[in-house]
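Only the coordinates and a few stated rules stand behind these numbers; no lab work does. On a predicted model such as this, the values are computed, not experimentally measured, just so you know. We place every Cβ from the backbone using ideal geometry, glycine too, and count neighbours over all the protein chains shown.
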Amino acid sequence: QTQPVESGGGLVQPGGSLRLSCTASTTIFDVYDISWFRQAPGHQRDLVARIDSDENKVYADFVKGRFTISRDNNKNTVWLQMENLEPEDTGVYYCNLYRGPQYSWWGHGTQVTISS
């Protein structure tokens, strides 16, 4: 089963930076569309950014200009570089690999906390 593993979360002050990583053990990593979602306590899980198999990128309005998603298929890794973090960015960040309704895999998430 292809379950992604997230890492890189932590506690940072407002204005700080973090880089999240998502890796997965699969020989067909390159065909997946890969997304980062986040979920704050009491809120729904929201899309943050997506990079598809052709490396087209989509960002949520609330992170445009601050976050950058990238991938290296040779390393089976997707990164989310987060800059100028705000307290509202706090939440659990989840990675999702998707190539169809029956082929959607979620990680367990990594906690990001922005606080002074």
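Residues considered: Arg38, Arg19, Arg50. Largest GNM mean-square fluctuation over the chain, using C-alpha springs under 10 Å, is found at Arg19. Compared with the alpha-carbon gap, the fully stretched path from Val5 to Ser53 is longer by 15.4 nm at 0.36 nm per residue. Given R0 = 25 Å, the distance between the Cβ atoms of Ser104 and Ser70 translates into a calculated FRET efficiency of 0.75. What net charge is computed for the residues neighbouring Asp61, neighbours being all others with C-beta under 15 Å from the C-beta of Asp61, Lys and Arg scored +1, Asp and Glu -1? So the environment of Asp61 carries a net charge of +1. All other residues with a Cβ under 11 Å from the Cβ of Ser115 taken together, and with Lys, Arg as +1 and Asp, Glu as -1, what is their net charge? Result for the local shell: -2. Contact order, relative form, for segment 32-77: 28 percent (alpha carbon pairs under 8 Å, 6 or more residues apart, mean separation divided by residue count). When you restrict to C-alpha pairs under 8 Å that are six or more residues apart and normalise by the size of segment 1-98, the relative contact order lands at 36 percent. Using DSSP, restrict attention to beta bridges with both residues in the chain and report what percent are antiparallel, rounded to the nearest 5. DSSP beta bridges in the chain are roughly 90 percent antiparallel.
Comparing Asn56, Asn84, Asn96 in a Gaussian network model of the chain where C-alpha atoms under 10 Å apart are linked, the largest mean-square fluctuation is found at Asn56.
Using only the Cα atoms, work out Rg/Rh for segment 1-78, with Rh taken as the Kirkwood radius, to two decimals.
Rg/Rh for segment 1-78 comes to 0.97.
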